[in-house]
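Every number in this text was worked out from the coordinates using simple rules, so none of it is lab data. All values reported here derive from a predicted model rather than from experimental measurement. FYI the Cβ positions are ideal-geometry reconstructions off the backbone, even for glycines, and counts take in every protein chain you see.
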2 protein chains.
Amino acid sequence: MQLTDLHGSLSDPLLDTMNFLNEVTARFPDAISFAPGRPYDERFDPGVVAGYLDAYAKYLERDRGLSQRQVGGLLFQYGRTKGQIHELVAATVAADEGIEVSPESIVVTVGAQEGMLLALRALFRDSGDVLLVASPCYVGITGAARLLDIAVEPVPEGPSGVDAAAVRAAVARVRAGGRRPRALYVVPDFANPSGTSMPEKARRELLAAAVDDDLYVLEDNPYGLFSRTGRRVPTLKHLDEHRRVVYLGSFAKTCFPGARVGYAIADQPVVAPDGSVTLLADQLSKIKSMTTVNTSPLAQAAVGGMLVTHGCRLRSLNEERIRRYRERLEALLAALDRHFGGVAGFGWNVPDGGFFLVLTVPFVADEAALTRSARDHGVLWTPMSYFYAGAGGERQIRLSCSYLDVDEIDEGVRRLRRFARSYR
Amino acid sequence: MQLTDLHGSLSDPLLDTMNFLNEVTARFPDAISFAPGRPYDERFDPGVVAGYLDAYAKYLERDRGLSQRQVGGLLFQYGRTKGQIHELVAATVAADEGIEVSPESIVVTVGAQEGMLLALRALFRDSGDVLLVASPCYVGITGAARLLDIAVEPVPEGPSGVDAAAVRAAVARVRAGGRRPRALYVVPDFANPSGTSMPEKARRELLAAAVDDDLYVLEDNPYGLFSRTGRRVPTLKHLDEHRRVVYLGSFAKTCFPGARVGYAIADQPVVAPDGSVTLLADQLSKIKSMTTVNTSPLAQAAVGGMLVTHGCRLRSLNEERIRRYRERLEALLAALDRHFGGVAGFGWNVPDGGFFLVLTVPFVADEAALTRSARDHGVLWTPMSYFYAGAGGERQIRLSCSYLDVDEIDEGVRRLRRFARSYR
């Protein structure tokens, strides 16, 4: 069969960029890699999981009064489409983020990625609906939109993320084209790829714009817990008085990625023609029954066990990780100061937390440059141009520090400096 | 927000039928239920899973030479998008089904349901492409098609499933409407909901029609292992000399549903405009990176551990289950003979295996009838009309015996008889 005979998304470079990155990483396994945005490897053994499964089973028996047979059914049978650990998730977002929602407004998903797919499929009625995205933008959301043939309108990000004025301007552009701006995707805390965060004032203004413009906000928050400075700004969902926000959560960074467990909070009432009212979460659930049926009860049980063990407080569960990611980001900033400080043509932002920052360079940082960097200098990074729907980011690279040890970070930046020198 | 303002699938009764079934089951928890198509509850405890995780870890260390640290990474980090147990799956389908494919042509999915979504999204280019489905049909495929706005054309099933002539007629109807018949969805073994199976000759004729009409075949095979008679007919994929078949596998019934692990076999070469060749599996993988990123490595490890423990032979792993499902189906057939034998207006088919059969009744078997049956007679079943895209099945009910004990089956059919009598 011909590639051009398949769905258009498969001919879109967007879905190939991640493949290129994986390939180049595999081709140069000894290179120091600032590319992957994934958590550092921890010493995890199957015994740890067994302990968490056991903790979850004990919670079901003791706190919920289930029989052993019922517990077995909950772990190994098909499960509730909206998920089984929704009450634990509700308790966790209340404790950690001050987000007070009914457990019924939560859908447990196969990672935040499935949450994006469900939210897009539910909210976007037809080809007249447009998704606004902060630009540069995580490819997971633009990729999911591409699968569903949903048009995307970029909203340029400033040093403090997207602001309400830029959103209003994008809304006006879309409306002028006769289409409906339906939702905005944004990572307000330590964004991937830029590392920027929105101040509280900007968040309040964004929510006001969403109300004025009848826009929903998809708030993705995988990194919020990992503050470098110790300060936290309230999430959009916490500030969301008018239920404009669908919150996309992930346990990949706060529990472990191999569970593939995330969640969507969708507490918007949905009114049917017969007057009956459901929650948007119920509608997401109907879609989920046709994408993955339910999120692996085994994986939910492992995450559930971690949550009950730590009293539904991810902050307590992640003390060690919070410290380590802070060290890594500090180490990256220090290494940049050491090796690039005062060097003309180079510059970088100083994120308040998370895994990423952006280094501006005086050359075109494309795939050819990345291949040379890996082959000749043993260092990998991600071209920022990957994260722009159109033009943008040509002379910028994303550096991720989450996966590297502190001493690798310094050596990696040293190699980056050598690679950059080769351009002169 | 208004329901009518969301995606059209959410206003389609198709996505609501399963909700009604779940609700009625919850409202009458003491009723004997022939409704759920799920496996019977086994005594599973978390220790069993720990043992399988351990078996998988040992396999990776001993047979694949990985270090403990690498094994930890494979279980708990993000994983390969196409999956991690693809080699074990390839060995298993070779041993059990004589399907010889490269592990690279396999994508491990979040249940067969995600496999359907990926295959539909890849193969269907635009709104001119039409999906043929055996009718009556499992709602998972028509629901997934609805999410992607893919048009569906029913192919009426006979007592031996779909036949090539009916497929060719449907192809002609679609072509006459100016659209492209792109793929046919079929469950050749012990179909859900009808229980029918295709004879080998019909399978060969179907594959010939697929070649002639440039049609792909989505072969879904969740029940094939559970033969009542002990005889097995070769799968379409085994007979597939021209790579027309995308095979959708599930471990829900053969390992356990709570893993949510399935797979797609897509060994078709795909040629890009630049002449480069990939496998259809690689294209499904690109889509999967935007739906669920990867199937839970933890869940894959549990299934992988079950496979290595049983030498990649599901038949050996499932000896007990094969026996039990055979007993249940035999019990259901015997109970129908006992309580409905010779009663005018009633009739049923005699499937060679699987979980389901169809009872024809002399009244309209709709939601109102189901509610009365549950409330007044303590027995639940599924209206066959749920499984028809248009009209059909109004006087038929699906009986599933997989979830019931043998003695419950007899009592259930006795109640069904009492309920049926109340119509006279």
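The trypsin sites (Lys or Arg not before Pro) of segment B:188-262 that DSSP puts in a loop, and whose beta carbon has at most 13 other beta carbons within 10 Å, are B:ARG231. Expressed as a fraction of 2.2 N^0.38 Å, the C-alpha radius of gyration for the protein assembly as shown is 0.95.
Summary value for segment A:23-130: 14 percent relative contact order, contacts being C-alpha pairs under 8 angstrom separated by 6+ residues.
The alpha-carbon atoms of segment B:1-112 define a convex hull whose volume equals 234 cubic angstrom per residue. Between segment A:120-159 and segment B:367-419, how far is it from one alpha carbon centroid to the other, in angstrom? Answer, in whole Å: 44. Here r is the Cβ-Cβ distance between B:ASP366 and B:ARG38 and R0 is 25 Å; the resulting FRET efficiency, rounded to 0.05, is 0.60.
Restricting attention to chain B, close to 50% of DSSP beta bridges with both partner residues there are antiparallel. With its label point put 7 Å out from Cα toward Cβ, B:THR371 sits 6.6 nm from the same residue's point in the other copies, in order from shortest. Beyond 22 Å, the tail of the calculated P(r) for segment B:266-365 holds 64 percent of the Cα pairs. In sequence order, segment A:23-32 has phi-based couplings of 5, 5, 5, 5, 6, 10, x, 8, 5, 7 Hz under the Karplus curve 6.51 cos²θ - 1.76 cosθ + 1.60, θ = phi - 60°, and Gly or Pro positions carry x. Ranked for footprinting exposure by Cβ neighbours inside 10 Å, fewest first, A:SER67, B:SER11 give A:SER67, B:SER11. A viscosity of 1.567 mPa s and a temperature of 4 °C, combined with the Kirkwood radius over C-alpha pairs in the Stokes-Einstein formula, give segment B:26-181 a diffusion coefficient of 65 µm²/s. When +1 charges are put on Lys and Arg Cβ atoms and -1 charges on Asp and Glu Cβ atoms, the dipole computed for the protein assembly as shown relative to its Cα centre reaches about 220 debye. The charge dipole of segment A:53-313, taken about the Cα centre with unit charges on the Cβ atoms of Lys, Arg (+1) and Asp, Glu (-1), comes to about 380 debye, rounded to the nearest 20. With contributions of -39500 (n - 2.57) from each DSSP H run of at least four residues, the per-residue ellipticity at 222 nm computed over chain B stands at -13000 deg cm²/dmol. Projecting the Cα atoms of A:ALA302, A:VAL89, B:ASN22 onto the dipole axis of the protein assembly as shown, where Lys and Arg carry +1 and Asp and Glu carry -1 at the beta carbon, places A:ALA302 farthest toward the positive end.
Checking the cross-link pairs A:LYS58/A:LYS288; A:LYS201/B:LYS82; B:LYS201/B:LYS288 against a 31 Å limit on the alpha carbon distance flags A:LYS201/B:LYS82; B:LYS201/B:LYS288 as lying beyond it. What does the charge count around B:VAL71 come to, taking other residues whose C-beta lies under 14 Å from its C-beta (Lys +1, Arg +1, Asp -1, Glu -1)? Here the charged neighbours net out to -1. When chain A is treated as a GNM with alpha-carbon contacts under 10 Å, the residue of A:CYS137, A:CYS401, A:CYS255 showing the greatest mean-square fluctuation is A:CYS255. Cα-based values for segment A:262-303, radius of gyration first and Dmax second, are 12.8, 40 Å. For segment B:365-424, the average shadow cast by the Cα convex hull is 4.3 nm², which is a quarter of the hull's surface. Chain A has one residue whose beta-carbon comes closest to the axis relating it to chain B; that residue and its distance in whole Å are A:ALA50, 2.
B:ALA50 sits among other residues whose Cβ lies under 12 Å from its own Cβ, and their net charge, with Lys and Arg +1 and Asp and Glu -1, is -4. Computed over segment B:42-86, the Cα gyration tensor eigenvalues convert (square root of 5λ each) into semi-axes of 21, 14, 10 Å, ordered from largest to smallest. When you count the other C-beta atoms within 10 angstrom of each residue and take the mean per peptide, B:288-298, A:209-219, B:174-184 line up highest first as B:288-298, A:209-219, B:174-184. Taking K and R as +1 and D and E as -1, what net charge do the other residues with C-beta under 10 Å from the C-beta of A:ASN318 add up to? Net of charged neighbours comes to +3. Among A:VAL293, A:ALA183, A:ALA281, whose Cα sits farthest toward the positive end of the charge dipole of segment A:53-313 (+1 at Cβ of Lys/Arg, -1 at Cβ of Asp/Glu, about the Cα centre)? The listed residue farthest towards the positive side: A:VAL293. Please compute the Cα-Cα pair-distance distribution of segment B:53-316 with 10 Å bins starting at 0, giving whole percents from short to long. Per 10 Å bin, starting at zero, the Cα-Cα P(r) for segment B:53-316 comes out as 7, 31, 36, 19, 6, 1, 0 percent.
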